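Novice: If you scroll down you'll find the structure; I have some questions about it.
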Amino acid sequence: MVADPEGKTSPVMSLVAGGIAGGVESACTYPFEFAKTRVQLYGHEGIKNPFMVVAKVAREEGLRALYKGCSTMIVGSIGKDAVRFVAFDSIRSLFEDPVTHRSTTAQSIASGMLTGVVASTTIVTPSERIKTALIDDARTSRRFHSPIHCITTLYREQGALRALYSGYTTTTLKQVGTTGFRLGSYAALKDWERGYGIPVDNALTSFANGAFAGTLTTLATQPFDTVKTKAQQAKAVGTMECVRVIYAKDGIRGFWRGTVMRLGRTVAAGGILFTANEQALKLLKTVFG
């Protein structure tokens, strides 16, 4: 675990730091994710304030309900963000200028998009499928006792592909957009700041940059997230059927259902994720550098 002589981060350090950042971010922001998923599945009586949704669920179903599926989300996020950071660093290095070690904004976004495909296929779709099924089941039949029980039950009833990869297309499109916008805009913003002599290595700047990147990401990719959530509920539902149901019920606006909840989580998550990643990298370089 050492950085290379030019000061770049080694893939192993990116993997470990990304995993740490993903776990911290998921644990801190999961109630917002829970509220967003519930609203996308059931509407929650038209409540748009994420804090009111959280309070309603806590009051009616108990505090533990807010963390239904959290362990799956944390495990998935550790893997997802470990893969995302190391893949992004590796892919972006193929595009960057060999002298300045910088990439254009378009190259950063393209690197993020390719990273999104890798992350969705290896980690994101299976973990999102199980998390969504657990949240859905907690409101309906309550037959899943644990994430493992959920996986085995869905595997027995729907087969391996539907059990773990329902909603793969929309999840991948969401990840392509999310990773492209988030990592690409974050990297481009840091390059811009460096060009103007703005310090980029402190926690406050990292949090602000991550929150800004998270806001852009949410607004651009929300329709994919809404369809993905519908496609990953406990019962098997096709992607196009989800699109038809959402449009028939709420029109175009329905594809942005849960935006407020997701925006609340994504802004906080973007700040926490990049701050935790930067701090973890500093710690790892201090210990193993």
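Novice: Test of understanding: among T132, T169, T140, T152, which residue is among the β-branched types (V, I, T) and within 14 Å of the chain's Cα centre (by Cα)?
Specialist: Within the list T132, T169, T140, T152, the selection yields T132.
Novice: Confirm whether L15 is in a helix (DSSP H, G or I), more than 26 Å from G258 (Cβ to Cβ), over 13 Å from the mean Cα position of the chain (by Cα) and modelled with pLDDT under 80.
Specialist: Yes.
Novice: Among the residues of the range 133-143 satisfying the criterion of being surrounded by 13 or more Cβ atoms within 10 Å (Cβ to Cβ) and in contact with a Ser or Thr (Cβ under 9 Å, 6 or more places away or on another chain), which is nearest to G167 (Cα to Cα)?
Specialist: A133
Novice: Can you tell me which of S111, S77 is of a type in the set (G, A, S) and closer than 15 Å to F181 by Cα?
Specialist: Matching residue, one of S111, S77: S111.
Novice: Still on this structure, I have one more. Conditions first: (1) surrounded by fewer than 21 Cβ atoms within 10 Å (Cβ to Cβ); (2) β-branched (V, I, T); (3) in contact (Cβ under 8 Å) with a residue 12 or more places away in the chain. T266 passes all but one, so which condition is the exception?
Specialist: (1)
Novice: Please indicate, with yes or no, whether at least one residue in the range 248-257 is free of Cβ contacts under 8 Å to residues at least 24 places away in the same chain and either part of a loop (DSSP other than H, G, I, E, B) or buried (at least 18 other Cβ atoms within 10 Å of the Cβ) (or both).
Specialist: Checking the range 248-257: at least one residue is free of Cβ contacts under 8 Å to residues at least 24 places away in the same chain and either part of a loop (DSSP other than H, G, I, E, B) or buried (at least 18 other Cβ atoms within 10 Å of the Cβ) (or both).
Yes/no matrix, rows are residues, columns are (1) at pLDDT below 85; (2) surrounded by 14 or more Cβ atoms within 10 Å (Cβ to Cβ); (3) in contact with a strand residue (DSSP E or B) (Cβ under 7 Å, 6 or more places away or on another chain):
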position: H145; (1), (2), (3): no, no, no
position: Y196; (1), (2), (3): yes, no, no
position: Q222; (1), (2), (3): no, yes, no
position: V227; (1), (2), (3): no, yes, no
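Novice: Which residue pairs have Cβ atoms closer than 8 Å, lie 6 or more positions apart in sequence or on different chains, and pair a first residue in the range 269-283 that is among the acidic types (D, E) with a second residue that is assigned to a helix (DSSP H, G or I)?
Specialist: E278/A203; E278/S206
Novice: Next question, about the same structure. Does V237 fit the bill of being under 30 Å from Y155 (Cα atoms), free of Cβ contacts under 8 Å to residues at least 24 places away in the same chain and surrounded by fewer than 23 Cβ atoms within 10 Å (Cβ to Cβ)?
Specialist: It is false that V237 is under 30 Å from Y155 (Cα atoms), free of Cβ contacts under 8 Å to residues at least 24 places away in the same chain and surrounded by fewer than 23 Cβ atoms within 10 Å (Cβ to Cβ).
Novice: Name the residues in the range 47-71 that are touching a Leu at 6+ places or on another chain (Cβ under 8 Å) and either hydrophobic (A, V, I, L, M, F, W, C) or surrounded by fewer than 16 Cβ atoms within 10 Å (Cβ to Cβ) (or both), would you?
Specialist: V54, V57, A58
Novice: Can we say V260 is at pLDDT 80 or above and either part of a helix (DSSP H, G or I) or of a type in the set (D, E) (or both)?
Specialist: Taking the combined requirement at face value, the residue does not satisfy it.
Novice: OK, next. What number of residues in the range 79-113 are under 15 Å from the mean Cα position of the chain (by Cα) and surrounded by fewer than 22 Cβ atoms within 10 Å (Cβ to Cβ)?
Specialist: Qualifying residue count for the region: 2.
Novice: Take the conditions crowded, with 17+ Cβ neighbours inside 10 Å, touching a Leu at 6+ places or on another chain (Cβ under 8 Å) and in contact (Cβ under 8 Å) with a residue 24 or more places away in the chain and apply them to G184. Does it pass?
Specialist: The answer is no for G184.
Novice: Right, something else. Which of the residues spanning the range 82-117 are β-branched (V, I, T), within 15 Å of L189 (Cα to Cα) and assigned to a helix (DSSP H, G or I)?
Specialist: T105, I109
The values are calculated or read from the model by the stated rules, or taken from the named source; none is laboratory data. All values reported here derive from a predicted model rather than from experimental measurement. For neighbour counting, all protein chains shown are included, and Cβ atoms are generated from backbone atoms with ideal geometry for every residue, glycine included.
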